[in-house]
Amino acid sequence: MTTTTIKFTKMHGAGNDYIYVNTLLYSIPNPELASIKWSAPHTGIGSDGLVLIGKPSISDADFSMRIFNADGSEALMCGNASRCIGKYLYEKGITDKKIIRLQTLSGIKVLNLHIKENLVSSVTVDMLEPQLSNKDQLCTESGSITEGSVYADGKEFKGTFVSMGNPHFVIFVEDIDNTDVPGYGSLLEHNALFPQRCNIEFAEVKPDGTIRTRVWERGSGITMACGTGACATAVAASLTHRTGRMSSIVMDGGTLDIEWNEKDNHVYMTGPAAFAFEGEIELPTECDINNDKLNKQ
């Protein structure tokens, strides 16, 4: 049976790691299955998912991004991945632009590359306006929750809903180190209030004003960082008067600086992006696809 080998790049933004493929060069006919197989930590490359970099379908954008979680589900947006795409495009010489317009399923995101010695040291992403009400993502009469109650395994969690294109529920706790993030995060992700499932953030405001945050990502589980989750956490902290409009969000993999700008209401995220390694891997075969169908039956 003929197989096709493609080149990939492993990158991470504050530890949130994805497999990146340039679809200007390679076609990925079944990205859902590829993400599942390649993201597996022992039998694949190991990652939080798969990111495809390609041509935009609209004239207002320079490039496009599609992102698939480790379980094969397609995500609307990933802030950490968008920063990595900016570094990838610039440092591989695909573009010389320092401001890149990236088409995503949650709109065009503007990437502002910060260059030092011809390398991208960090990227600021305009994450657009947060949505505090979204009836497609939250099943309440108003489509919103601020410090509202959600239950998991008989325990009450008070949290705030923020959509950054994708849904987030931010819960402030007193002791994040002793919070069962995987146990309660997995239950809350599938709560009936969230028809599209939900990303769950547990956050603690520290005495120095930083916000220590851990994330249970929809479709991927615990990740080292989440760009949209950091943005949602900063917005929720400001809404509930825990902080001002600028926050440093300390995640397992590093710190992201977030500004919820008062003038345009946009959220701006600044953080690092890094290459991990590159390699070659075979595309999933017809046999893999048939086995996947059998496993779902």
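At most 12 other C-beta atoms within 10 Å and a DSSP loop state: those are the exposed trypsin sites (Lys or Arg not before Pro) I care about. Give me the longest piece of the chain that has none.
The answer is 136-262.
What does the C-alpha gyration tensor say about the overall shape of the stretch 100-151? Classify as rounded when a/c is under 1.5, otherwise prolate if a/b is larger than b/c, or oblate.
Because a/c hits 1.5 or more and a/b exceeds b/c, the stretch 100-151 counts as prolate.
Which residue, G253, G183, G154, has the most motion in a Gaussian network model of the chain that connects Cα atoms within less than 10 Å?
G154
Would you report the distance distribution of C-alpha pairs in the stretch 148-265 as whole percents per 5 angstrom bin, up to the bin with the largest distance?
Percent of Cα pairs in each bin: 2, 13, 25, 27, 19, 11, 3, 1, 0.
Between the stretch 90-169 and the stretch 219-266, what is the C-alpha centre distance in whole Å?
Value for the Cα centre distance between the two parts: 9 Å.
Just list whichever of K37/K98; K7/K37; K10/K206; K10/K116; K55/K87; K10/K135 have alpha carbons separated by over 24 Å in the model shown.
Long pairs (Cα-Cα over 24 Å): K37/K98; K10/K206; K10/K135.
222 nm [θ] for the chain, helices only, -39500 (n - 2.57) per DSSP H run of 4+, per residue, to 500?
The helix-only estimate for the chain comes to -5500 deg cm²/dmol at 222 nm.
Let's test the formula: R0 of 51 Å, r as the Cβ-Cβ distance of I222 and T95. What FRET efficiency results, to the nearest 0.05?
0.95
Do any GluC sites (Glu not before Pro) in the stretch 90-155 lie in a loop, going by DSSP, with at most 11 other beta-carbon atoms within 10 Å of their beta carbon, and if so which?
Taking the stretch 90-155 and a limit of 11 other Cβ atoms within 10 Å, the loop GluC sites (Glu not before Pro) found are E117, E141.
With a ≥ b ≥ c the root eigenvalues of the C-alpha gyration tensor of the stretch 1-55, is it rounded (a/c under 1.5), prolate (a/b larger than b/c) or oblate?
Oblate shape, in that a/c is at least 1.5 and b/c is the bigger or equal ratio.
Extending each Cα 7 Å along its Cβ direction at N118 and Y26, get the distance between those two points in nm, one decimal.
Inter-label distance under the simple model: 2.6 nm.
In Å and on Cα atoms, what radius of gyration and Dmax does the chain show?
For the chain, the Cα radius of gyration and maximum Cα-Cα distance read 18.8, 61 Å.
Each value in this text was obtained by applying a stated rule to the coordinates, not by laboratory testing. Quick caveat, the model's predicted, so the values are computed rather than measured. Backbone-built Cβ (ideal geometry, glycine too); neighbour counts: all protein chains shown.
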